[in-house]
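The structure appears right after this line, and notes come after that.
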Amino acid sequence: MLLLVLLVAVEGLLRVYDYQNPSCLFLETEVFTNLDQDLKRSICWDNNNLKWSYDPYLHLEPNQHYVTINTNQDGFRGKEISLEKPLDTFRVFVVGGSTAFGVGSSSDSSTIPGYLQKQYDFNSELNVEVINAGIPKAYSFTNVHIIEKNLINFEPDLLIIYSGSNDLARSWSADAYTNPAGCTSPLQPDPNCSIELQVLRFLLKNEYYQSFSILFTNYQIWKINTSEHVKTATTLDYSEQMAKNWQNTWSEICELGKSNNFDVIVTLQPMLGTGSKQLTNEESRNYKLYNQDIKLSAYEDFAGVLPELNTKCTKSKDLRNIFQNINETIFYDAVHTGDLGNEIIAKELFELSLPILKEKSQ
């Protein structure tokens, strides 16, 4: 009985601590310099508590409402939309992983899709509805499922693919590429995983007893903060195969678009160290920490398949050098950007997509 009381007391104290001091690597980044502490804590806490599922395919749980993040009844970040497209309206879906979703954004409207909506609202006469279909941890294989099983039902006019980094982090093997959770990820039960890892997954996902999850997450962040390098799954030996997987997957969606009357723009997203941007001190430290030399060398193979994608899709675009003239800290880790970076990317996506929608309106 005494042990139970002790466990309950520890659980309560840790939950209070976690609420006041949520565990995120980005809380002290220069990217958030202009945000107050309460908002930064909310961004961290909201992203930590976001829920998604792999059944029947990777998707966000619907109807989640936090201070900085809202998912609608269809699981998209942002406001509610109707299944049937409104008259005289163009529907644009931004598809990708956590960067498209906006992990680290201060609100739903300061994500890349949110800023893209503002661009259309203020700089175009077209009636455009931009929908955030980004999902944390998604990569091309999982994005295809949500497009084919869900997005296509919403009568899209244009898909903007903002992708690359999550595919780069996948294993080269076919089995690993088609296994969204992966045996190394504590997210989804997998009979091929060890008993120890399945127990770890259970403890990390348990909503009733969170002490272990809080302590484990804080330990992982401590390890990163005290390390010189973070282990990376990226390998140069199989980068060509990873890029080919990425190319083939998006070629499939571009063919689907042709048969279902929607256009597809495929963009290769920027990462820390791509292009000619002068890195700040913080970005330079992170460049070393996240082993960006290895990643960027492998990423060249992704850029190499863009010309072929340009023949299959409406358009392809290399965005790796989009921040070349920006002196501020843009990346708070290896790939995620804050509000400023999201706005810059959204402006470029607006310039890419506007001619396509104008042609459709004629």
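The values are calculated or read from the model by the stated rules, or taken from the named source; none is laboratory data. Predicted model, so just to flag it, every value in this text is computed and none were measured. Don't worry about glycine lacking a Cβ; one is built from the backbone with ideal geometry, like all the others, and counts go over all protein chains shown.
Here's the yes/no breakdown for (1) modelled with pLDDT of 95 or more; (2) hydrophobic (A, V, I, L, M, F, W, C):
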{"residue": "S110", "(1), (2)": "yes, no"}
{"residue": "V130", "(1), (2)": "yes, yes"}
{"residue": "F141", "(1), (2)": "no, yes"}
{"residue": "F154", "(1), (2)": "yes, yes"}
{"residue": "S171", "(1), (2)": "no, no"}
{"residue": "T178", "(1), (2)": "no, no"}
{"residue": "C193", "(1), (2)": "no, yes"}
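Whether a residue is in contact (Cβ under 8 Å) with a residue 12 or more places away in the chain, surrounded by 16 or more Cβ atoms within 10 Å (Cβ to Cβ) and closer than 25 Å to S353 by Cα was assessed, and R41 does not pass this test. A search for C-beta distances below 7 Å between a residue of region 68-79 that is at pLDDT 95 or above and any residue that is buried (at least 20 other Cβ atoms within 10 Å of the Cβ) and of a type in the set (K, R), counting only pairs 6+ apart in sequence or on different chains, returns I69/R77; N70/R77; T71/R77.
Annotation note: of T280, T267, the sole residue that is in contact with a strand residue (DSSP E or B) (Cβ under 7 Å, 6 or more places away or on another chain) and either surrounded by fewer than 16 Cβ atoms within 10 Å (Cβ to Cβ) or modelled with pLDDT of 95 or more (or both) is T267.
Of everything in region 87-106, what is surrounded by fewer than 24 Cβ atoms within 10 Å (Cβ to Cβ) and at positive phi? Give them in sequence order. Once the filter is applied, which keeps residues that are surrounded by fewer than 24 Cβ atoms within 10 Å (Cβ to Cβ) and at positive phi, region 87-106 yields only D88. For region 289-307, does any single residue satisfy the condition of being of a type in the set (K, R) and either buried (at least 20 other Cβ atoms within 10 Å of the Cβ) or modelled with pLDDT under 95 (or both)? For region 289-307, residues of a type in the set (K, R) and either buried (at least 20 other Cβ atoms within 10 Å of the Cβ) or modelled with pLDDT under 95 (or both): present.
Scanning region 1-49 for residues that are closer than 17 Å to T337 by Cβ and assigned to a loop (DSSP other than H, G, I, E, B) yields a count of 9.
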